[in-house]
Structure formats: C-alpha cells, structure tokens
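Rule-based calculations on the coordinates, nothing more; no lab input. Everything numeric in this text was worked out from a predicted model, so none of it was measured. Neighbour counts are summed over all protein chains in view; Cβ atoms, including those assigned to glycine, are modelled from backbone coordinates with ideal geometry.
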Amino acid sequence: MAGAARLRRLVERDLAGLDPGARRGWWLREALADDPGTPCPPPVRDGTADVVIVGGGFTGLWTAWWLLERDPGLRVTILERDIVGGGASGRNGGFLTGWWDYLPALVANYGPDAGLAAAMALDGAPARIGEWAARHGVDPWFTPGGTLVVSSSPAQDDAWAGILALARELGVADRYVELTRSDVQARCATPQLRGGMLVPSDASVQPARLARGLRRVLLERGVTIHEGTGVTGLRADGAGVRATTDVGPSIRAGRAVLAVNAWAAGWKRGGFGHRMITWSSYMVLTEPIPDRLAGLGWTGGEAITDCRFTNHYFRTTADGRIAFGGGGGRAGYGGRLGHWVEHDRGSTALAARGFRRIFPMLDDVALVDAWGGPIDISSNHLPSFGAMDGTDGRVLFGHGYSGTGVGPSWLGGRILAALARGDHDAPEARLPMVGHRPRRFPPEPFRFLGARVIREAIVAAEQRDDLGGYVPPPLRWLVRVPRAMGYDLGPE
Ligand SMILES: Cc1cc2nc3c(=O)[nH]c(=O)nc-3n(C[C@H](O)[C@H](O)[C@H](O)COP(=O)(O)OP(=O)(O)OC[C@H]3O[C@@H](n4cnc5c(N)ncnc54)[C@H](O)[C@@H]3O)c2cc1C
C-alpha cells in the first residue's frame, strides 16, 4: 500500500524528534508556566479532616468542590502523590463532553429510563463548567464548539445512525445535528473526513488549566492539599478512616474518597483490579499553525473524533495548534501502571500516524510534543461509584470513565460528595452507576494476553480499513471476540 509507506516515512521522521515521558506533557507545562500556584507540600504531622480525598485529578477536585458547595463548614483534605493535575486530568484531549454519545451504552446497561436519566444528569454540564470557570477567574480556554463525531473511512460511515435512532425514540433527537460530508468539510476541510454528527452542547478545554484552576479555587475555599503525598492505605474502623502516607504522617477523617483513576486497579483492597483493565492513551501536538487552520476552515473550535474503536481525537488550541490523540494505547499486566503509560514510542507512533493520515496537507508541519497517560477501562465503558466492602460506607470510590472522564467527573464529584455526606436521597446518589459493579474481566494472565492479542488485531484491522485494504475474515472475527463474550469493548 503506497499510503502505508508514506505514513511510515513521516512517522519515522516525527518520532526522531519526540521523546514521550521525558518531561511533563505540554498542557501541564503551559498551565504551570502561566501560574505555578501556591506550594502544597506534604504534611509534617498527623492531621484530621471530615473528608480525606485520595487523588488530585478532576474526580477528587470536583468532589471537594461539591462537598463545600453543600456544606461550606466541612474540613476537606486532598492527598496527591504527584501534583494536582499530574495524572490523566492534566494530560487528556480536553474533550469536555456530556453523555449524549454514550446514550446506547447507558440504555443497554441500565434500561431506557435510568439510562436517559443518567444522560440528562450530565446535560448542559460542559456549559456549566465554562460558567464555573468564568465565575472564578479560571481561564481553561473553554471553547463551546461541540464534539464532531465523524467517519474517517468508509468502514465507519453511519456509525452514529444507531445513536440518532435511539435519541429519536427517547425524544432527545434535538441534542444532535446530523452532518453530511459537505457540512463536515465546511467545518474542517480535509478529504479524509466524511459524514458525521455534531453534539453541539459539548466543549473543549485546556485540561491542565482547569485542574490547576480548581486547585487554586479550592485552596481559597479552605481545602487542605498535600502534593507529593502518596496514600499507602485506608483503614476504616468504627470511628472513621485513617489514611496512611508514604511521607510518614497520617490523616484521620470521618470518610475517605478514593479518586485515583486507573491506579485503583493496584489498590490492595476493593477488588477493583478484576473490574478494570489499565490502559494508556497518547497525544501528539503540532507547532502553532493558525493560518493553516484558517485554510482548513477549522476555526469553530470543534473537538473531532472519528469512529474507530481505537479512535482518533483531535482539536485545536487557543494558540493555533492541533492536539491529536489515540489510535491505540496498551494494556497493563495485573492492573499495573508501568513505563508503558508514559514512555511508549509505539503508541506515540500510532497517534502520529493518525495525524499524518487525516491531515495530508500538513506534511511539512512539525510535531513538537508527545505524552501519554493512564486510562481506567471498565467492562461496560462507564464509571461506577460506591462504598468499598467492609468499610461500613466510610471509604468511597469512583472510577472507570474509560477515557472519557473530563465532563463526567464533574458529575462523579457530585455523586461522591453526596455519598460522603451520607445524602443517599440526593438525585445524583440515585443514578444507576451508583452501586453498580461492572462485569469482571477474566483473571490474569488471560486478561493481559487477551487484551494484547485483541488490541493488535483491532489496530491491524482498523489500519487496513483506513487505507482501504483487505481485512481477512479471521481478523474481523477476532476483533469481535470481546463483544461476543459480553464486554462493551471492541468494534460493533
Ligand atoms: C491521553 C489521554 C487523553 C484523554 N482524553 C480525554 C478527553 O479528551 N476527554 C475525556 O473526557 N477524557 C479523556 N481522557 C480521560 C480523562 O483524562 C480521565 O477520565 C479523567 O481525567 C479522570 O480523572 P480522575 O480524577 O479520575 O483521574 P486522574 O486525573 O488520573 O487523577 C487521579 C490522581 O490520583 C493520584 N493517585 C494515584 N494513586 C495515588 C495514591 N496512592 N495516593 C495519592 N494519590 C494517588 C494520581 O497521581 C492522579 O493525579 C483522556 C486520558 C488520557 C490519558
């Protein structure tokens, strides 16, 4: 395939200048250069709090925010092993979405009424986050351009038809706009993009700016944050919970919230590792090219994703770059998060390859940064929230966003805040993902080996589809094995 040779050549050139994991990703560097923030050193002595939150990503930060919204007098402490936003929250694509593109999964898992209720609970969330930022003087480059879900090869054409049919059935068709190929071209004129649909209520952000902005606002509200503080255990007893740390002092609290994303898979108790596959996703970033974006007509701020299973997601930045991600991350063994989460040149190459395929008119544009981060894949691709067994409701958890948590973590934080306050009648505490345990994955080593084989098969099949190549029937069969086994994973 001539196209394949061209892509190989370009990606080799790109990789020569990229070193993923050598430093923090561009989003976080940009946000820290803008405002490094007040230092939040580790604790020097034992402390107490009403609620202790483990993890300073969006889930933990929004939990703290909602706790104080509901009860301003609460004493809240966040313990973060790295810095706030150092996990996935400061490294993602910045697609700030509701759950409209997840409508079929919500309905399949929880039924039409509860599924629709969940989608409605996030309806308008992107705009509310934008308003929150404006109200608090946070500038996360909020851009209400919507999400454009498009086909980037004939194999993906009409992949959104099922979503639109279901939306009509449920009376929410107005949340979507179906687009012809020429509509799509008018928004981003690259010939690789075909028809699609727009979810106009979605937005995009510079995610690290949002995370660091949340950090500042929470500090101003009196939340205690300790960075560089890894939690080694959460021990519940009749009176509360004790969070022990790797820096010595411990924090005693009435309740604890475990908001550690894919790191939960390695948590000693809770059995999260059985219900989650640790995965990675990688992004690449161009040099600033505002004139070239204008030439493509891509000036409306649309965040674009194609309909591969190993989807490509791409958006513009406030300074006129393209941030482009996806194409195939990697699974970890036994819930571990290793070197492969940040230093994987193979996954970086897949993101670069996607960029080079979709934007052939930008061959001369340099990729100047690349980074990767962890993803918490659950078997139904939806998050779950609840209390850890054996803790008498004192240790709560929320994870499993499966790579789409930027908007949903705002709701996740609200759910966890309600649970931590014991407010089980709050509407958010009654959503169907509360107390729902997604199906277990097979045990190791089958989980890792299965994920590895299927991942390679999906990447190979989708690359062939991209270039109009032949996909042998055994390969087509292999990529459908997870769905045949009842997991909401892999191509439909
Ligand atoms: C490359 C990439 C692109 C993505 N793109 C998008 C996107 O465009 N849109 C979208 O919606 N989602 C996207 N996601 C997913 C999204 O980033 C996550 O779903 C979301 O950030 C989850 O937030 P969180 O707070 O649960 O996790 P995190 O932000 O990962 O926060 C968890 C925190 O816990 C800390 N921690 C872990 N263990 C401990 C411990 N023992 N003690 C103390 N602290 C601990 C970690 O250091 C981390 O900071 C992407 C993810 C990646 C990696």
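Here are a few things to note about the model shown:
- Residue exposure proxy: Phe58, Phe272, Phe448, Phe314, ordered by other Cβ atoms within 10 angstrom of their Cβ from fewest to most, comes out as Phe448, Phe272, Phe314, Phe58.
- Highest average packing first - 32-40, 178-186, Cβ atoms within 10 Å: 178-186, 32-40
- Highest mean first, the peptides 206-214, 228-236, 282-290 sorted by other C-beta atoms within 10 Å per residue fall in the order 206-214, 282-290, 228-236.
- For segment 155-255, the C-alpha radius of gyration sits at 1.88 times the compact-globule guess of 2.2 N^0.38 Å, with N the residue count.
- Its relative contact order, with pairs defined as Cα atoms under 8 Å and 6+ residues apart, puts the chain at 22 percent.
- Separation in nanometres of the label points that stand 7 Å from Cα toward Cβ, at Asp71 and Met361: 5.7 nm
- Pair Ala114, Asp183: separation of 7 Å Cα→Cβ label points (nm): 3.3 nm
- Shape metrics for segment 2-430, restricted to C-alpha atoms - Rg then Dmax, Å: 21.1, 68
- Asp319, Asp291, Asp50, Asp369 arranged by Cβ crowding within 10 Å, fewest neighbours leading: Asp291, Asp319, Asp50, Asp369
- Amide H partners (placed H, <5 Å) of Met485, local residues excluded: none
- Within segment 2-430, DSSP assigns beta bridges of which about 70% are antiparallel (rounded to the nearest 5).
- Distance between the 7 Å Cα→Cβ label points at Met485 and Arg439: 1.0 nm.
- Per residue of the chain, the DSSP helices (runs of n ≥ 4 H) give a summed -39500 (n - 2.57) that works out to -10000 deg cm²/dmol at 222 nm.
- Relative to the 2.2 N^0.38 Å rule of thumb, segment 118-178 has a C-alpha radius of gyration ratio of 1.46.
- Summed side-chain charge close to Trp263 - residues other than Trp263 whose Cβ falls under 15 Å, Lys, Arg +1, Asp, Glu -1: +1
- Fewest-first ordering of Leu106, Leu467, Leu74 by other beta carbons within 10 Å of each residue's beta carbon gives Leu467, Leu74, Leu106.
- R0 of 30 Å, Cβ-Cβ distance Trp477-Ala5: FRET efficiency to nearest 0.05: 0.60
- Relative packing of 121-129, 370-378, which averages over residues the other C-beta atoms within 10 Å, highest first: 370-378, 121-129
- Centroid-to-centroid, using Cα positions, segment 110-132 and segment 421-456 are 20 Å apart.
- Taken over the alpha carbons of segment 15-103 as equal point scatterers, the Debye sum produces base-10 log I(q)/I(0) values at 0.25 Å⁻¹ of -1.32.
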